[in-house]
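Just below is one structure, and these are the notes that go with it.
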Amino acid sequence: MITLKNLTKVYETVNYNVIALSDINYQLDKGEVVVLLGKSGSGKSTLLNILGGFDRDYAGHFILDGESMREKSEREIDTIRKRKIGFVFQHYVLLNNLTVLENVELALRVIGVTNAGSRKRAALHALKLVGLREHTDKYPYQLSGGQKQRVAIARALVKDPTIILADEPTGNLDSETSEQIFELFKELSKEKLVIVVSHDAEYAHKFGDRIIEISDGQIIADSDPI
């Protein structure tokens, strides 16, 4: 599904260059939770931006489903992102003036789903998957942190992507809620590829099917190297 070959990312400045990623190689397939583990500044988020199609200024190859992303136009990458990739962020990014149901439906509006009935059915199904079917009419400010993150996951799931990219999704949650979120990712990975950026080694080793440890832009450990 995803193959990276000699992927390198360099930030150029006036006085010097910063190597954010150096010669990254791996292959990932659906059916697993992959944890990109490392400290702040290690290169994890840079890598996630490339996997999400937001950063194309790199050397090497990023291949998704057999197709090189460097050879795609911005419009083609945008289409691929909308169809295949769901994003979960640390800070939820929910709109407080919209209900839980409307927040999830919004993801379908963005990708051009115009049928209101289809949007509602898909959103209700996604909320059922994350255990929030009974909270559809609430507003984000009425929810706990864990519930907000579940809404964010439902929003990522509603378009039925094949890949879930999660950037520090438990960074604002307590340990019990964090464990519940990772358990949900584990369940979702039965049919999808779930890639989680984290600095928490405990949850990585407890729930990750594969752990790729990054330090100073380089892979220093891989539990399942190619």
Most mobile listed residue (N96, N17, N25) in the chain, GNM with C-alpha springs under 10 Å: N17
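I need the chymotrypsin sites (Phe, Trp or Tyr not before Pro) found in the stretch 50-146, filtered to DSSP loop residues with at most 13 other beta carbons within 10 Å of theirs. Numbers along the way, then the final one.
Numbers: sites: F54, Y58, F62, F87, F89, Y92, Y141; in loops: F54, Y58, F89, Y92.
Answer by residue number: F54.
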Percent of Cα pairs exceeding the 16 Å cut-off, where the set is the stretch 103-176: 49 percent
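Restricting to the chain, what percent of DSSP beta bridges are antiparallel, rounded to 5? Mind showing how you got there, number by number?
Numbers: 19 of 38 bridges.
Among the beta bridges of the chain, antiparallel pairing accounts for roughly 50 percent.
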Heavy-atom surface of the chain, accessible at 1.4 Å and reported per residue (Å²): 50 Å²
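Estimate the FRET efficiency between E202 and F89 by the formula 1/(1 + (r/R0)^6), using the beta-carbon distance for r and 22 Å for R0, to the nearest 0.05.
On the way: r = 21 Å, r/R0 = 0.97.
My answer for the efficiency is 0.55.
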Kirkwood hydrodynamic radius (C-alpha pairs) into Stokes-Einstein, the chain, 4 °C and 1.567 mPa s, D in µm²/s: 72 µm²/s
Selection from V196, Q147, S223 lying farthest towards where the dipole of the stretch 102-226 points positive, charges on Cβ: Q147
Reachable aspartates and glutamates from K190, criterion Cα separation under 14 angstrom, eight or more residues apart if same chain: D29, E32, D160, D209
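For an R0 of 22 angstrom, estimate the FRET efficiency from the Cβ-Cβ distance between I80 and Y16 and round to the nearest 0.05. It would help to have the intermediate numbers written out before the result.
Values: r = 34 Å, r/R0 = 1.55.
After rounding to 0.05, the efficiency reads 0.05.
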D137-D216 pseudo-label distance in nm [points 7 Å out on the Cα-to-Cβ vector]: 5.8 nm
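Roughly how many debye, to the nearest 20, is the charge dipole of the chain about its Cα centre, given +1 on each Lys and Arg Cβ, -1 on each Asp and Glu Cβ, and no other charges? Write down the numbers at each step before the final one.
Values: 29 positive and 32 negative charges, 200 e Å.
Here the size comes out at about 960 debye.
Kindly flag which residue pairs out of K5/K84; K159/K186; K9/K192; K72/K192 have an alpha-carbon separation exceeding 25 Å in this structure.
On the way: K5/K84 21 Å; K159/K186 19 Å; K9/K192 27 Å; K72/K192 23 Å.
Cα-Cα > 25 Å for K9/K192; rest within.
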Distance from the stretch 137-196 to the stretch 54-128 (C-alpha centre basis), Å: 15 Å
Interchain or long-range residues, amide H under 5 Å from D224's placed H: I211
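Quote the relative contact order of the chain in percent (integer), defining contacts as alpha-carbon pairs under 8 Å separated by 6+ residues.
Worked out over the chain, it gives 31 percent.
The values are calculated or read from the model by the stated rules, or taken from the named source; none is laboratory data. The structure displayed is predicted, hence computed values, not measured ones. Quick reminder, even Gly has a Cβ in these numbers, built from the backbone with ideal geometry, and neighbours come from all protein chains shown. For the accessible areas, the whole protein counts, side chains as well, though only heavy atoms, and no ligand, DNA or RNA atoms are used. Shrake-Rupley method; radii C 1.70, N 1.55, O 1.52, S 1.80 Å.
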